[in-house]
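Have a look at the structure below before the remarks.
The values are calculated or read from the model by the stated rules, or taken from the named source; none is laboratory data. What you see is a predicted model, and the numbers here were worked out from it, not measured in a lab. As a convention, Cβ positions derive from the backbone with ideal geometry for all residues, glycine included, and neighbour counts pool all protein chains shown. Only protein heavy atoms, including side chains, enter the accessible area calculation; ligands, DNA and RNA are left aside. Shrake-Rupley method; radii C 1.70, N 1.55, O 1.52, S 1.80 Å.
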Amino acid sequence: MEFEAHGTPIQNFYTGQSIFITGGTGFLGKILIEKLLRTCPNISMIYLLIRSKKEKSPECRLDEIFEKPLFDRIKREVPNFHKKITPIVGDLDARDFGLSENDKNILITQTSIIFHVAANVRFFEHINIAITENVTATHTILKLAKRMPNLKVTFFIY
């Protein structure tokens, strides 16, 4: 899909791109999502790895995130922004994030940019949990990235 370049170099770079984000429900992840959607309106899609938590589905958690005041401006300026977000059910603690084959294939064929923002930042976490969430999850992202033919860039933010 080709788009005519009319924006800033950053907006032009993100035009037509599909982005995979881990850690999108955390502090930095929410800010990243809001900024991308608000300032780069021609992003094709954002795939957001999100798990069930406290008996809430990923879709319900996503709806709750969009109720935060952080998203008030984008609700006014880009009312249909949520249509550019696709939740991908997964968990950092699971092998290969517990991705379904369908979701894995979508990510592999569609993703052109990865933001790996997920991390366990608890200083007194059990070492096995910290390794799984901070080291093994990064390894999983890299394995997945190697299979993505359209990948342009991967960002690791901790």
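What to note about this one:
- Evaluation of residue 119 against the conditions (1) in contact with a Phe, Trp or Tyr (Cβ under 6 Å, 6 or more places away or on another chain); (2) within 18 Å of residue 52 (Cβ to Cβ) shows that the sole unmet condition is (2).
- Pairs where the first residue, in segment 1-21, is modelled with pLDDT of 95 or more and surrounded by 11 or more Cβ atoms within 10 Å (Cβ to Cβ) and the second is in a strand (DSSP E or B) and among the hydroxyl-bearing types (Ser, Thr, Tyr), C-beta under 6 Å, 6+ apart: 20/47
- Looking only at residues of segment 130-147 that are in a helix (DSSP H, G or I) and open to solvent by 70 Å² or more (accessible area, probe 1.4 Å), we find that the one that is nearest to residue 108 (Cα to Cα) is 146.
- Enumeration of residues in segment 74-94 that are without any contact (Cβ under 8 Å) to a residue 40 or more places away in the chain and over 17 Å from residue 46 (Cβ atoms): 76, 94
- Given (1) assigned to a helix (DSSP H, G or I); (2) closer than 21 Å to residue 28 by Cβ; (3) open to solvent by less than 30 Å² (accessible area, probe 1.4 Å), number of the condition residue 108 does not satisfy: (2)
- When we screen 37, 92, 28, 62 for residues that are open to solvent by less than 80 Å² (accessible area, probe 1.4 Å) and under 25 Å from residue 142 (Cβ atoms), the only hit is 92.
- Residue 150 being part of a helix (DSSP H, G or I) and either closer than 23 Å to residue 56 by Cβ or more than 15 Å from the chain's Cα centre (by Cα) (or both): no
- Residue satisfying condition, being among the hydrophobic types (A, V, I, L, M, F, W, C) and under 22 Å from residue 93 (Cβ atoms), within set 49, 36: 49
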